[in-house]
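Undergrad: First, the structure itself, so that you have it in front of you.
Please treat every number below as a calculation from the coordinates, not as lab data. This one's a predicted model, so the numbers in the text were calculated from it and none came from an experiment. Glycine also receives a Cβ, built like all others from the backbone with ideal geometry; neighbour counts cover every protein chain displayed.
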C-alpha cells in the first residue's frame, strides 16, 4: 500500500520536529554544562528571537499559514500571558540543564500532561474523560520509578 503524499509530508514534519528538539536539547546541555556557557536567559532570548524571525518568514514569504491579526485587547493579553509563561518555562528548562542530566530533565518533562490536566481542572473545574487520567498514571509512575 503506497503512502499518500500528505502522510509522507506529515511524517517528515514529525521526524524533523523530533530531531530538532533532540538537537536543541543536546546542544543546550553541551553549552550550559560542558562548554561553560553561563547565560541560560541569553540562550533563551536567542531561541525566542530565532523562532520569531523564522515564524514571521514562514508566514509572510512561504505562506505556511495565513497571517492573522489580533482582534481585541483581551486576546492580546491572553497571548502575552501565554508568551511569558512559555518563556519562563524555556528559561527554567535551560537553567535546569546546567544542573541535571538530560534524561532526568526529560523524565520530569514527561509529567507535564499530568500537571496540565490537574491545573486545568483546578482553574476551570472541567473534567477530562476518566481514560485521560488513567492514561497519565503509567507515565507518572514510570517517572517516579526512573527517578528512584
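Undergrad: Using 7 Å Cα-to-Cβ label points, what is the residue 48/residue 108 separation (nm, one decimal)?
TA: 2.0
Undergrad: Here is a further query. Label-point separation (nm) for residue 67 and residue 20, each offset 7 Å from Cα along Cα-to-Cβ?
TA: Each label point lies 7 Å from its Cα, and together they span 2.1 nm.
Undergrad: For residue 34 and residue 12 in one chain, what is 0.36 nm times their gap in residues minus the Cα-Cα distance, to one decimal in nm?
TA: Numbers: separation 22, 0.36 × 22 = 7.92 nm, distance 3.15 nm.
The span from residue 34 to residue 12 would gain 4.8 nm if fully extended.
Undergrad: With log10 I(q)/I(0) by the Debye sum over Cα atoms at q = 0.09, 0.16, 0.17 Å⁻¹ defined as stated, name the option among (i) -0.43, -1.27, -1.33; (ii) -0.38, -0.82, -0.89; (iii) -0.49, -0.95, -1.01 computed from the structure displayed.
TA: The value computed from this structure is option (i).
Undergrad: Would you kindly state how much longer the chain becomes between residue 4 and residue 101 on full extension, computed as 0.36 nm times their sequence separation minus their alpha carbon distance, in nm to one decimal?
TA: On the way: separation 97, 0.36 × 97 = 34.92 nm, distance 3.98 nm.
Residue separation times 0.36 nm, minus the Cα-Cα distance, leaves 30.9 nm.
Undergrad: With an 8 Å Cα cut-off and a minimum separation of 6 or more residues, compute the relative contact order for the chain in percent.
TA: Numbers: 59 pairs, mean separation 36.4, N = 148.
That works out to 25 percent.
Undergrad: So what's the back-of-envelope 222 nm ellipticity for the chain, counting only DSSP H runs of four-plus at -39500 (n - 2.57) apiece and dividing by all residues, rounded to 500?
TA: Working: 6 runs with 112 residues, N = 148.
Estimated from H runs of four or more residues: -26000 deg cm²/dmol.
Undergrad: Could you give the distance between the Cα centres of the stretch 1-63 and the stretch 64-119, to the whole Å?
TA: 15
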